[in-house]
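Q: Here it is: the structure, laid out below.
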Amino acid sequence: MEITEVRVSPIEGDEKLKGFATVIFDNEFVVRDLKIISGQKGLFVAMPSRKMKDGSFKDVAHPLNNEMRRKLEEAVLKEYDKAKAAKSEEENQ
């Protein structure tokens, strides 16, 4: 399974939540609402989740191994960096 497209929407005004991402796999399957979070060790990608009755959260989609998680996070954060740079460039013009 290959990541064929990543779309990122950076947001401002939130200390931890930095943006949302949509990832398309093999031009056939889409996963929306991944969150780009600023944590203690830098940025990371949180999988889409839903709130359970007991108040906990459960991922509705997630990688099954560390290699796929790494590939997914690298692709999303790369696009996030591009989107932030483009936005900064627009503001400076």
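Q: Hey, what's the per residue convex hull volume over the C-alpha atoms of region 41-81, in cubic angstrom?
A: Numbers: hull volume 3.9 nm³, N = 41.
Measuring per residue, one finds 96 Å³ for the Cα hull of region 41-81.
Q: Tell me, what is the 1.4 Å probe accessible area of Leu72, in Å² to the nearest 10?
A: About 10 Å², ignoring ligands and nucleic acids.
Q: Could you order Glu89, Glu15 so the one with the most accessible surface comes first? Probe is 1.4 Å.
A: Sorted descending by solvent-accessible area, the residues read Glu15, Glu89.
Q: Along its principal axes, what span do the Cα atoms of the chain show, with the longest given first and each in whole Å?
A: Result for the chain: principal-axis Cα extents of 46, 33, 22 Å.
Q: List the lysines whose Cα sits under 29 Å from the Cα of Lys51, skipping any in the same chain fewer than 8 residues away.
A: Cross-link targets: Lys16, Lys18, Lys35, Lys41, Lys71, Lys78.
Q: Now for a separate question. Can you give the accessible area of Asp81, probe radius 1.4 Å, in Å² rounded to 10?
A: Approximately 90 Å² for this residue.
Q: While we're looking at this one, here's another question. Given the rule -39500 (n - 2.57) for each run of at least 4 DSSP H residues, summed and divided by the residues of the chain, what is its mean residue ellipticity at 222 nm, to the nearest 500 deg cm²/dmol?
A: For the chain, the value works out to -10000 deg cm²/dmol.
Q: For the chain, build the charge dipole from Cβ charges (+1 Lys, Arg; -1 Asp, Glu) around the Cα centre, then report which of Val45, Val8, Phe25 sits farthest towards its positive end.
A: Val45
Q: While we're looking at this one, here's another question. What accessible area per residue comes out for the chain, rounded to a whole number of Å², with a 1.4 Å probe?
A: 75
Q: Please list Val6, Val30, Val60, Val76 in order of solvent-accessible area, largest first, computed with a 1.4 Å probe with all protein chains present.
A: Details: Val6 25, Val30 60, Val60 90, Val76 0 Å².
The ranking, largest first, comes out as Val60, Val30, Val6, Val76.
Q: With an 8 Å Cα cut-off and a minimum separation of 6 or more residues, compute the relative contact order for the chain in percent.
A: With pairs under 8 Å counted, the relative contact order is 23 percent.
Q: With every protein chain left in place and a probe of 1.4 Å, what is the accessible surface of Ile3, to the nearest 10 Å²?
A: Here the residue's solvent-accessible area equals roughly 40 Å².
Q: How large is the dipole of the chain about the Cα centre if only Lys and Arg carry +1 and Asp and Glu carry -1, each at its Cβ, rounded to the nearest 20 debye?
A: Around 440 debye, computed over the chain.
The values are calculated or read from the model by the stated rules, or taken from the named source; none is laboratory data. Quantities reported herein were computed from a predicted structural model and do not represent experimental measurements. Neighbour counts run over all protein chains shown; Cβ positions are idealised from the backbone, glycine included. Areas reflect the complete protein model, heavy atoms only, side chains present, ligands, DNA and RNA absent. Shrake-Rupley method; radii C 1.70, N 1.55, O 1.52, S 1.80 Å.
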